Ligand code: 5MM
C-alpha cells in the first residue's frame, strides 16, 4: 500500500480515526477518573474491548496505539495490529516521547523523540504499522505561544514526518492548540493561522510529500474558561476559513482532535463543517480520543464489556455521519 492509499483508508469513505494512544500516564488519569486500577493487564483488557468491537471497521479507518498496546495481544494470542489489519483498519503508532519544557521559554513545551526515531519506525513497520502520530502542544495566553515555541514544534513535526515517509508510512501531523484558558475564538483563530502556516512552511523545507500526510489539528474554538462561548456555527465557519487559508489542497485528510470537547459537541462541530461545505479539497474527519471513548470507558469500569463496545460503536457511527454532514441530534436516541 502506498502513502496515498493508506491515508484514503484512514480518512475517506465517511471513516475516521480512533485515538487510543494514551501513554501509561494519561491512561492512568483516565482510569483514575472511573476507578479502574492502573495495571498493564487492565490496559490490555480495555484496549481489547475497544479493538474487538463488532462493526468498528464500518466507521473507523485507523487506530492509533501506544507502544505498550502495539505489542500486546488478544486473549487468544493475536497481536493487536494484526487484529486491526484483518478488519481492514490501519494500525498506527504514537512515536513521540512526550512534551518537555522548552528551555528559556517558561510555560512552553516542545516534543521529544527524534533521537533513534528512524530505527524505532523500522521496527514498528516490521510489526505492521501503517501510520504514525506525533503531537505538539501549544498554549494560548495573551502573549503565548511564542514565535520560538511555534517554530520549534513545527520543525520537529516536519522532521518526524519526513522520517515516516522515508519508512513508508503516513505521518499524522498533530499541532494541538490547547483549549485551556479564557481566550476568545478570535484569539484562537489568530494563533491557529500562525501555527498552521509555520507547520506547512517547515513541511515544505523538509520536502515532505503533502499527499501522504494526515493533518490532526484542533478546531478554532473559544478557550474552555472563556465567558462567551462561540456557537457551533461560529466554530465551523472559523475553522473551515482557517483551514482553507492554510492547508494546501494536496493534503488528503484533516482529522480533528477533540481536545476536551464533550462527545456530542465534537460531533456537532464536525457535522456543521461538512454540512455547510460540500466541495472541500480534503476529507474532513475525526481522530478523537476522549470524544469517542468517554462513555465506553464508564461502561468498561462497570464491567459491562458489551455496553462499552455499544457505546464506542455509537459514537463512531455519530462521527461517521458528521463526516458526511448527515448527523442530527435525533440520531443520538
Ligand atoms: C490531544 O490528544 C489526542 C487526541 O485525543 P483527544 O481527542 O482526547 O483530544 C490524543 O491522541 C493524544 O495525543 C494521546 O491520547 C496521547 O496523549 P499523551 O498525553 O499520552 O501523550
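Below, the figures for the structure above:
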item: Rounded FRET efficiency, nearest 0.05, which uses the C-beta distance separating residue 249 from residue 186 and R0 of 25 Å; result: 0.45
item: In Å, descending, principal axis extents of the Cα set of the range 190-333; result: 50, 34, 30
item: DSSP-defined beta bridges in the chain - what % are antiparallel, rounded to 5; result: 10 percent
item: Whether the chain is rounded, prolate or oblate, judged on the alpha carbon gyration tensor where a/c under 1.5 counts as rounded; result: rounded
item: Length added when fully stretched, residue 74-residue 279, from 0.36 nm per residue minus Cα-Cα; result: 69.7 nm
item: Ellipticity estimate at 222 nm from DSSP helix runs (n ≥ 4, -39,500 (n - 2.57)) divided over the chain, nearest 500; result: -14500 deg cm²/dmol
item: All-pairs alpha carbon distance profile, the range 1-132, 10 Å steps from 0, percent; result: 12, 38, 35, 14, 2, 0
item: Relative packing of 89-95, 64-70, which averages over residues the other C-beta atoms within 10 Å, highest first; result: 89-95, 64-70
item: Theoretical gain in end-to-end length, residue 86 to residue 127 [0.36 nm per residue, Cα-Cα removed]; result: 13.4 nm
item: Prolate/oblate/rounded call for the range 123-197, Cα gyration tensor, a/c under 1.5 rounded; result: prolate
item: Inter-label distance for residue 34 and residue 241, nm, one decimal - labels placed 7 Å from Cα along Cα-to-Cβ; result: 3.8 nm
item: Per-pair calculated FRET efficiency, R0 = 22 Å: residue 45 and residue 99 via Cβ, rounded to 0.05; result: 0.20
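Taken together, the values in this text are just the output of simple stated rules run on the coordinates, not laboratory data. Keep in mind that this is a model prediction, so the values were computed, not measured. Heads up, the Cβs are rebuilt from the backbone with ideal geometry, glycines too, and the neighbour counts pull from every protein chain shown.
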